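Taking it in order: structure first as structure tokens, then the write-up.
The values are calculated or read from the model by the stated rules, or taken from the named source; none is laboratory data. All figures in this text were calculated on a predicted structure; none of them were measured in a lab. All Cβ positions, even for glycine, are placed from backbone atoms using ideal geometry, and neighbour counts span all protein chains on display. Accessible surface areas use protein heavy atoms only, side chains included; no ligands, DNA or RNA. Shrake-Rupley method; radii C 1.70, N 1.55, O 1.52, S 1.80 Å.
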Amino acid sequence: MPRRERPQKTERSEHWMRVAANEDADALNTKVRQLFGWDSKEQINWLSPVVADNYAEYYDQEFLERLGLSDLVVPLSTFWPTSGARWDGLARTDSGKVILVEAKAYIEEGVDYRSHAGKKSYTKIQAALQAAKNDFRATNDAPWESPFYQYANRLAHLYFLHRLNGLDAYLLFLYFADAPDVPKPCTASEWQGSVRLVEKCLGLGRHPYRERLGTIIWSVPQMPSNQTT
């Protein structure tokens, strides 16, 4: 089922995403508004992972329905096969903006060599990635299927929502620095270098999604809920 129940106790990026969207939502919302240049009055409502929904994770058609996007011009099923991207965070603003979040707590999580979908599904994925790559004006020779497949398929979903369906959609990569519960904690500087490398490998330069694609690097010890008085 594309609404996935999650355990009450987690760790690493899943845990810190929960903290950010629930305990530290005000601070996160301020960072998001500043990142995308939104008015300070733009109200952001987190829909996943939230305590009232048992921190459930969404994917496939259910992630769209969770965002209130059940009737699209271009259906998700025509663009991407089932068992698609699992979204670490979903939010919607009072003005109708939608936010997709991919969260990470250590750099090695970002390497994903390729999809393991069957032949028919993989063909659909290849077509979607190529269409998105073209619309992002990425370098022709840049590989979007490996080794940063997960990052690329998130870009493809932004293309799907904004370009194909005309939605006011945004994609946020939220990286937690100095996380104490990961195999190899990353500093903010290391995350910055990683972002530069990934964008270079994917051939991303000056593209039309710059105002809709953003990165926040948040040091775990600096999150409000981790501050000591």
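Does segment 21-68 hold any residues that are touching a strand residue (DSSP E or B) at 6+ places or on another chain (Cβ under 9 Å), among the charged types (D, E, K, R) and not in a loop (DSSP other than H, G, I, E, B), and which are they?
The answer is K31, R33, D53, E57, E62, E65, R66.
Between T215, T123, which is β-branched (V, I, T) and over 16 Å from the mean Cα position of the chain (by Cα)?
On the way: T215 fails: over 16 Å from the mean Cα position of the chain (by Cα).
Only one candidate qualifies: T123.
Can you pull out the residues in segment 182-210 that are among the acidic types (D, E) and either closer than 15 Å to Q222 by Cα or within 17 Å of the chain's Cα centre (by Cα) (or both)? Spell out the reasoning first.
Just the residues of segment 182-210 that are among the acidic types (D, E), to begin with: 190, 199.
Scanning segment 182-210 gives a single hit, E199.
Working carefully through the options E62, E42, E57, E102, find the one that is open to solvent by 50 Å² or more (accessible area, probe 1.4 Å), of a type outside the set (F, W, Y) and at pLDDT 95 or above. Steps first, please.
Working: E42 fails: open to solvent by 50 Å² or more (accessible area, probe 1.4 Å); E57 fails: open to solvent by 50 Å² or more (accessible area, probe 1.4 Å); E102 fails: open to solvent by 50 Å² or more (accessible area, probe 1.4 Å).
E62 is the lone residue from the list that is open to solvent by 50 Å² or more (accessible area, probe 1.4 Å), of a type outside the set (F, W, Y) and at pLDDT 95 or above.
Do you know which residues across segment 61-81 are closer than 19 Å to Q126 by Cβ and either of a type in the set (D, E, K, R) or touching a residue at least 24 places away in the same chain (Cβ under 8 Å) (or both)?
Residues satisfying the conditions are V74, L76, F79, W80, P81.
Looking at P7, P2 in this structure, which one is more than 15 Å from the chain's Cα centre (by Cα), at pLDDT below 95 and closer than 25 Å to P183 by Cα?
On the way: P2 fails: closer than 25 Å to P183 by Cα.
Going through P7, P2 in turn, the sole match is P7.
Return a yes/no flag: does segment 152-168 have any residue that is open to solvent by 10 Å² or more (accessible area, probe 1.4 Å), part of a loop (DSSP other than H, G, I, E, B) and touching a Lys or Arg at 6+ places or on another chain (Cβ under 9 Å).
Yes, because at least one residue in segment 152-168 is open to solvent by 10 Å² or more (accessible area, probe 1.4 Å), part of a loop (DSSP other than H, G, I, E, B) and touching a Lys or Arg at 6+ places or on another chain (Cβ under 9 Å).
Give me a count of the residues in segment 180-225 that are closer than 21 Å to A25 by Cβ and open to solvent by 60 Å² or more (accessible area, probe 1.4 Å).
Of the residues in that region, 3 qualify.
Which of (1) in a loop (DSSP other than H, G, I, E, B); (2) in contact with a strand residue (DSSP E or B) (Cβ under 9 Å, 6 or more places away or on another chain); (3) open to solvent by 20 Å² or more (accessible area, probe 1.4 Å) does A85 not meet, given it meets every other one?
Unmet for A85, out of (1) in a loop (DSSP other than H, G, I, E, B); (2) in contact with a strand residue (DSSP E or B) (Cβ under 9 Å, 6 or more places away or on another chain); (3) open to solvent by 20 Å² or more (accessible area, probe 1.4 Å): (3).
When both residues are 6+ apart or on different chains and their Cβ atoms are under 8 Å apart, which pairs have a first residue that lies in segment 202-222 and is touching a residue at least 24 places away in the same chain (Cβ under 8 Å), and a second that is surrounded by fewer than 13 Cβ atoms within 10 Å (Cβ to Cβ)?
Final answer for the pair search is G203/N140; G203/D141; E211/G37; V220/P180.
Does segment 132-139 contain at least one residue that is without any contact (Cβ under 8 Å) to a residue 12 or more places away in the chain and not in a loop (DSSP other than H, G, I, E, B)? Lay out the reasoning, then the answer.
Applying the first criterion (without any contact (Cβ under 8 Å) to a residue 12 or more places away in the chain) to segment 132-139 yields 134.
Subset that is not in a loop (DSSP other than H, G, I, E, B): 134.
For segment 132-139, residues without any contact (Cβ under 8 Å) to a residue 12 or more places away in the chain and not in a loop (DSSP other than H, G, I, E, B): present.
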